[in-house]
Each structure stands twice: as structure tokens, then as C-alpha cells.
Amino acid sequence: MNDINTYITTPIYYLNGKPHLGHAYTTILGDILRRTFELRGENVFYTTGTDEHGQKNFDTIQKLNMTFEDYVKEYSQNFKNLFKKLGIDYDLFVQTSCPHHTKIVKQCLQRVYDNGLIIKKKYTGLYCKGCEQFKKESDLDENGCCPYHQEQPVEISEENYFLPLEPYREWLKEYIENNPDWIQPSSFRTEILNMLKQPLEDLCISRPKNRVHLGVEIPFDTDYITYIWFDALINYISSLDWPNNDTNMCKFWPNSIHIMAKDIIKPHCIYWPIMLKALGLLPPHRIMIHGFLVGEGGVKMSKSLGNVIDPEEMVDKIGADAFRFVLVNLMNKNSDTQVSENIIFNAYNRLANTFGNLYFRTCKLIEKFNEGIIPDIVLDSSDMQFVLSMAEKLKSVLLDTKNIYDIQSNTEVIFDISSKLNYYIDQKQPWNLAKDEARHDELLSTLYVLSEGVRMLGIAISPIMPSVSQKILTSLSFDMRESSIENMFTINTTKFRKIQAPEILFPRLCDKDTQAN
Ligand code: MSP
């Protein structure tokens with residue numbers, strides 16, 4: 001392990017519903033990054049969790065006629081179950097209703113208040129319950145609805161506490177200009193810089209208790225509870241136990257990465273750095289934003305349109321690893337991505353037919369033509385060149401910092417190398433080489449190239465498909481823990497090893513699976 005500490009976070013998700021494909025995607029992405037950094041020897045702290053306060057949760061509890069405790073237990077468990085099923089391995093599952101977090105929210109509020117940065121005033125505005133945010137007319141669509149929730153916000157007029165944001169606008173603009181990698185991809189950076197061209201409205205950080213019932217009581221006025229976004233954003237530091245544990249903060253905050261979709265960039269890229277500044281802290285290291293997964297035709301997935309994809313059902317059909325791979329392979333870097341069950345099945349078939357097929361063919365050829373032993377042979381220069389160029393590309397998937405975040409391109413590298421190796425088999429025709437004693441070395445060289453290619457592919461996919469990777473490497477008798485990441489991509493490490501019988505990594509989908517629901 002090296003001495004780099006990395007902190008990865010997902011948003012904490014609202015509890016009021018079943019976890020859906022979008023939640024699955026962001027959390028898979030975080031898990032892939034975690035595993036990639038860990039392979040590089042870094043020490044990673046990865047958090048996800050649930051946002052359990054606010055009006056939306058309150059309304060759901062009323063509708064379900066449940067106690068808050070039962071609701072939180074049952075609904076957060078749904079997220080934990082899904083993440084387990086997806087092979088997601090986090091270090092901490094944040095729950096904003098736990099006493100540890102609520103205590104820290106109060107500490108932070110008190111600090112900002114004591115610094116004289118909070119004011120009280122009357123405010124009238126349009127409030128979207130879905131976003132739990134006040135909206136400006138310009139935020140709404142032509143029907144006066146919130147574009148994310150398709151509901152008209154309601155006018156609310158009340159006295160509240162505010163954190164004025166305008167005094168920080170110039171500082172934030174400069175920070176973003178001086179740190180071009182802070183918000184990624186850059187299209188979202190431009191969007192935030194555009195927002196910062198206008199004066200910023202004061203951020204309302206309280207809600208009167210008589211209107212909103214679920215939340216952290218404001219420490220300096222018990223008639224109010226904390227605005228859900230102020231409460232939720234604090235999770236990123238309460239997870240590190242700041243302000244009670246400076247060591248942890250110093251260890252992880254300088255290399256902190258927040259992952260989220262485009263819907264919540266304003267709270268993360270404007271409110272959050274300003275809240276941190278008011279607390280005397282620096283912005284997070286990086287904010288990684290992705291687009292939305294939408295239904296075919298670009299429409300939002302909804303039960304009424306019948307285009308919802310249930311991540312649990314998908315895992316039952318194609319397996320967790322393939323589902324992870326397919327999702328990150330389909331997701332566009334700079335725009336929304338249309339998905340349907342058919343689109344997912346097609347991507348699955350592509351994975352099965354290239355990578356899955358290559359693995360199976362390779363093992364079968366070694367079994368048949370060299371008694372299942374990875375051959376001991378000096379490669380000729382063209383084979384050597386081929387293996388070295390694959391090693392270079394696959395190594396950079398895991399080691400090159402600019403590639404690490406471009407997971408979609410990395411999945412294409414996997415496809416590309418698998419196709420090249422499949423083509424190599426077709427060209428070499430090992431079944432014909434085996435018929436000619438004079439070409440025995442060429443046969444062994446071919447088998448060796450294939451085993452090395454598959455081994456390196458098996459390593460490169462490990463953050464995305466950890467179980468499949470494990471199966472491949474075990475069947476090649478290769479243990480990743482035995483060598484450093486650099487050494488994994490040097491050749492000669494697998495010779496003389498006996499391979500185990502391959503299994504079908506991605507079974508053919510049966511008709512029942514592919515029938516549209
Ligand atoms: N509770 C707030 C976040 C507070 S973080 C301090 C919230 N919750 S949410 O349940 O609405 O989750 C929003 C996040 O879920 C998105 O930013 C994204 O990570 C994920 N997704 C939700 N729907 C999505 C898609 N359709 N597509 C991709 N990801 C989406 O906002």
C-alpha cells in the first residue's frame with residue numbers, strides 16, 4: 001500500500017421509494033473507482049447512504065402510516081440490499097437520522113452562526129418539494145413546472161435563517177477558473193460559471209417546525225429545523241467525523257471525490273463550497289458529474305410509461321458483474337443515455353460474444369493442445385510485440401489517471417483487445433498448427449499469447465467485474481495478490497501453470513429473460 005488516501009462519496013439518496021437504476025449507476029461508479037484506486041495501492045474510504053429528513057420523507061411516512069423508525073429501517077435496508085446484490089463494497093453507509101450525523105450538523109450550524117454569517121429574514125418564494133429547494137422562474141419549464149419533477153412549485157412565505165452566498169461569489173468564480181479540473185466534465189463547469197454570472201440569492205438554511213417536521217433542530221432557535229440540503233451536504237464531513245477528528249479530515253479531505261448526476265450540481269458546486277468556506281474548510285478535491293439514464297426516446301423512466309428498469313431484476317437476469325459492465329459501457333460521457341431492457345441485453349450479448357467467448361476458446365484450446373498447461377515458450381518478435389502492446393493499453397486503463405475516470409472508454413478497450421485476440425485465433429488457426437509437428441513452437445507461442453491476453457484482460461476488468469475477474473484468474477492459476485500492479489502486466493508470470501476447466505462466464509439469455517415486460 002502507498003501513502004495516498006482517497007475519499008469517494010456518492011450522493012445520499014432520498015428514502016421515499018425503491019432504489020432505482022440511477023442510484024445503482026452512481027453507486028456502481030463509485031465502487032469501480034474505489035477498486036481501481038485500491039489496485040493502485042491507495043487507501044480508499046468510500047461512502048454512500050440515505051437522506052432521511054425533509055418534507056418528502058415526511059409525506060411518504062404519512063402515506064404509509066409507518067413510524068419514522070420503521071420507515072428508516074425498512075427503506076434504507078432496500079438500498080443496502082441492492083448495493084450488496086450489485087457487489088458494491090462501501091466503508092460507511094451514511095444515515096442522516098443517526099445521532100452522530102445530527103450532532104455534527106448542529107456543531108456546524110453553531111460555528112457558522114457564531115462566525116456571524118447567518119441572518120434571519122422573511123422570504124417569499126416558489127418551493128419544489130421534489131428538489132427540496134426554492135426555485136426561480138428561470139429554473140422552471142414552459143408550464144411553470146420543475147424540469148426534474150414535472151410539478152409546479154408552491155409559493156411559500158415565511159421567516160427563516162439564511163446564509164448569504166453573494167459575498168463568496170467572486171471567490172468561488174476564481175476558484176473554479178483556477179482549478180479547471182475541479183468540476184468534471186467541463187460542460188458542467190461552464191454551466192456553474194454561467195450561474196455565477198448572476199448575483200447569488202441568500203441560501204435559506206432553516207424550515208419552521210410547524211411546516212416541516214423531519215430534520216435536525218437548529219441549535220440556536222428550537223422553533224426551526226435545518227434545511228435538508230444543509231443537513232445532507234454535511235454528511236461528507238460528518239463521515240470523517242469533522243470537527244471532532246482533524247486527523248481523519250487531513251487524511252482524506254485533500255483527495256475527496258464527490259460523484260453525482262447533473263440534477264444536483266447547484267447544491268454541490270455552489271452551496272457546498274461556500275458552506276465549507278464558512279466553516280473554514282477547503283472545497284472537495286473533485287466533483288464528478290454524469291448525465292441521466294433515461295428511457296428510449298429520451299423520456300424519463302416512469303411506472304406509467306412502463307419503461308422502468310429494475311436493477312434487481314436485471315441482476316437476476318444477467319448477473320451483477322455483467323450488469324455493472326454493461327451500465328458503464330452504455331453511459332455516455334457528456335449526455336444523457338437512453339436505456340431499455342433490449343439495449344441492455346444487446347450490450348450483454350456483445351460482452352458474451354467477444355470477451356466471454358475469447359476466454360472460453362482460450363481455455364479450451366490450451367486444454368486440447370497442451371494438456372491444460374500454459375506453455376513455456378519464447379515468443380517470436382511479432383507475438384512479443386502484440387503482447388506488449390496489449391499490456392501497455394491494459395495497464396494504462398488502471399494506472400493512467402486520465403483514463404481512470406473514463407470508464408466507458410476503458411470498457412471499449414476491453415472489447416477492442418478481446419476482438420483482436422479473437423481475430424488472432426482465427427488467423428493462427430491453432431487446430432491446423434497442431435496438425436503440423438514442424439509448427440509446434442508456433443502453436444505453443446499462440447497459446448501463450450492467448451493466455452497472457454486473457455490474464456491481463458482479467459486483471460484490467462477487476463474493478464468493473466470483480467467476480468468474473470476472480471473466476472478467470474483462478475482458472476489461470478494466477479493470484480493478483482502475488483504481484484504489484486506493474487508486474488501484473490509484465491509477461492512470463494503464468495508459465496507452467498495448469499489451467500482449470502473454464503465455465504461459461506455469460507450464459508446465453510433464455511427467451512423468458514429477454515421478453516419485454
Ligand atoms: N438526497 C439528495 C442528495 C443529497 S447529497 C448530499 C438527492 N437524492 S436522490 O435520491 O434524488 O438522488 C439523486 C442522485 O441519484 C443523482 O445525482 C444520481 O447520482 C442518482 N440518479 C437519480 N436518477 C438518475 C438517473 N435517471 N440517471 C442517473 N443517475 C441518477 O438528490
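The values are calculated or read from the model by the stated rules, or taken from the named source; none is laboratory data. Quick caveat, the model's predicted, so the values are computed rather than measured. Using ideal geometry, Cβ is built from the backbone for each residue, glycine included, and neighbour counts are taken over all protein chains shown.
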_Take D263 and tell me if it is at pLDDT below 95 and within 14 Å of the ligand (Cβ to nearest atom)._
yes
*Of all residues in the stretch 412-430, which are touching a residue at least 24 places away in the same chain (Cβ under 8 Å) and among the aromatic types (F, W, Y)?*
F415, Y424
_Matching strands (runs of 3 or more DSSP E) fully within the stretch 33-129 where at least 1 residues are modelled with pLDDT of 95 or more, hydrophobic (A, V, I, L, M, F, W, C) and under 18 Å from P466 (Cβ atoms)_ = 43-51
*Of the conditions (1) in contact (Cβ under 8 Å) with a residue 60 or more places away in the chain; (2) crowded, with 18+ Cβ neighbours inside 10 Å, D376 fails just one. Which one is it?*
(2)
*Do you know which residues across the stretch 262-289 are surrounded by 18 or more Cβ atoms within 10 Å (Cβ to Cβ) and touching a Ser or Thr at 6+ places or on another chain (Cβ under 7 Å)?*
P284
*Failed criterion for W253 (all others in (1) crowded, with 18+ Cβ neighbours inside 10 Å; (2) more than 22 Å from the chain's Cα centre (by Cα); (3) of a type in the set (F, W, Y) hold)*: (2)
*Within the stretch 182-189, can one find any residue that is within 21 Å of D139 (Cα to Cα) and aromatic (F, W, Y)?*
yes
*Looking at the stretch 49-63, which of the residues that are under 18 Å from P99 (Cβ atoms) and among the charged types (D, E, K, R) is nearest to the ligand (Cβ to nearest atom)?*
D51
*asked:* For the stretch 337-344, check the following and say yes or no: at least one residue is without any contact (Cβ under 8 Å) to a residue 40 or more places away in the chain and crowded, with 17+ Cβ neighbours inside 10 Å.
replied: yes
*Can you tell which of L293, L330 is farther than 30 Å from I118 by Cα, within 11 Å of the ligand (Cβ to nearest atom) and modelled with pLDDT of 95 or more?*
L293
*Any chance the stretch 421-430 includes a residue that's buried (at least 19 other Cβ atoms within 10 Å of the Cβ) and over 30 Å from I318 (Cβ atoms)?*
yes
*Determine if the stretch 296-313 includes at least one residue that is within 10 Å of the ligand (Cβ to nearest atom), within 17 Å of L196 (Cβ to Cβ) and of a type in the set (A, V, I, L, M, F, W, C).*
no
_Considering only residues that are of a type in the set (S, T, N, Q) and over 22 Å from I287 (Cα atoms), which ones fall in the stretch 137-183?_
S138, N143, Q150, Q152, S157, N160
*Which of the following residues is closer than 17 Å to P283 by Cα and touching a residue at least 40 places away in the same chain (Cβ under 8 Å): I234, I218, I225?*
I234
*Taking L200 as meeting all but one of (1) in contact (Cβ under 8 Å) with a residue 60 or more places away in the chain; (2) surrounded by fewer than 18 Cβ atoms within 10 Å (Cβ to Cβ); (3) under 26 Å from the mean Cα position of the chain (by Cα), write down the number of the exception.*
(3)
*For residues in the stretch 1-32 being part of a loop (DSSP other than H, G, I, E, B) and polar (S, T, N, Q), which is farthest from the ligand (Cβ to nearest atom)?*
N2
*What number of residues in the stretch 462-502 are in a loop (DSSP other than H, G, I, E, B), touching a Ser or Thr at 6+ places or on another chain (Cβ under 8 Å) and modelled with pLDDT of 80 or more?*
11
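Table: residues versus (1) touching a Gly at 6+ places or on another chain (Cβ under 6 Å); (2) of a type outside the set (V, I, T); (3) within 19 Å of W182 (Cα to Cα); (4) modelled with pLDDT of 95 or more.
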{"site": "C269", "(1), (2), (3), (4)": "no, yes, yes, yes"}
{"site": "I274", "(1), (2), (3), (4)": "no, no, yes, yes"}
{"site": "L282", "(1), (2), (3), (4)": "no, yes, yes, yes"}
{"site": "R286", "(1), (2), (3), (4)": "no, yes, yes, yes"}
{"site": "I289", "(1), (2), (3), (4)": "no, no, yes, yes"}
{"site": "M301", "(1), (2), (3), (4)": "yes, yes, no, no"}
{"site": "D316", "(1), (2), (3), (4)": "no, yes, no, yes"}
*Does the stretch 390-408 contain at least one residue that is loosely packed, with under 14 Cβ neighbours inside 10 Å and not in a helix (DSSP H, G or I)?*
yes
*asked:* Suppose we filter the stretch 266-290 for residues that are over 16 Å from F230 (Cα atoms) and within 8 Å of the ligand (Cβ to nearest atom); how many remain?
replied: 1
*Search result, residues across the stretch 475-486 that are polar (S, T, N, Q) and within 15 Å of N2 (Cβ to Cβ)*: S484
*asked:* Quick check on G356: is it buried (at least 19 other Cβ atoms within 10 Å of the Cβ) and more than 29 Å from D3 (Cβ to Cβ)?
replied: yes
*Failed item in (1) under 26 Å from L39 (Cβ atoms); (2) crowded, with 17+ Cβ neighbours inside 10 Å, with N332 passing the rest*: (2)
